[in-house]
Amino acid sequence: MSNTANSTGVSTNSNMPNAESKPEFVYVTYIKSTAEKVWNALTDGSITQQYWSNHNNASDWQVGSTWQHQDAGDSSIVDVAGKVLESNKPHRLVISWSNPKFLGDPAKTSRCAFDVVEDNGLVRLTVTHDQLAGQEGTLKGISGGWPMVLSSLKSLLESGEPLATIMERRDGKWATVRFA
């Protein structure tokens, strides 16, 4: 398998010489925490809303269950949804990722894996968002979004405070409020 990556963390890979090249986004961060606390930060809506633009990640996190990325102020507003594909608490979570309008359309569904490895009070969190072929808008969004979200998660777990809001919903649309 060959991999090439650029400075944003976006890479392409192919398993066979003639295979279609499929972009993926990989982000690795190290957090002074425990695997259990990182897992809870990813799956407990009361925690996700603190660092993830006031959103709850809602599910029972069992394989086959649905999950939703809901606005904490109005749970009827769902920005992303999918299925839990793999769940091995507190080490690995894999979910499908789709705009709710396109749920069930494999051409408009990507996959996101969270790998959590703990070693003596330090956690390596690897987020791999792949199966993005033909989804340039999703790739662009996650390439800016994951670094913001994961930096805020890290800050929350290490200091008790998330980063200041970088993006927020205004009149039903997302707006950058810092670094614009």
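Read-outs throughout are calculated quantities, based only on the coordinates presented, and are distinct from any laboratory measurement. Note that the structure is predicted; figures quoted are calculated from it, not measured. FYI the Cβ positions are ideal-geometry reconstructions off the backbone, even for glycines, and counts take in every protein chain you see.
Tabulated data for the structure shown
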{"item": "Flagged links, alpha-carbon separation over 18 Å, of Lys108/Lys173; Lys32/Lys140; Lys37/Lys89", "result": "Lys108/Lys173; Lys32/Lys140"}
{"item": "Three principal axis lengths of region 124-180 [C-alpha, angstrom, descending]", "result": "39, 35, 18"}
{"item": "Net charge contributed by nearby residues that have their C-beta within less than 12 Å of Ser33 (K/R +1, D/E -1)", "result": "0"}
{"item": "Cα-based reach from Lys101 at 14 Å (exclusive), listing aspartates and glutamates while leaving out same-chain residues under 8 positions away", "result": "Asp79"}
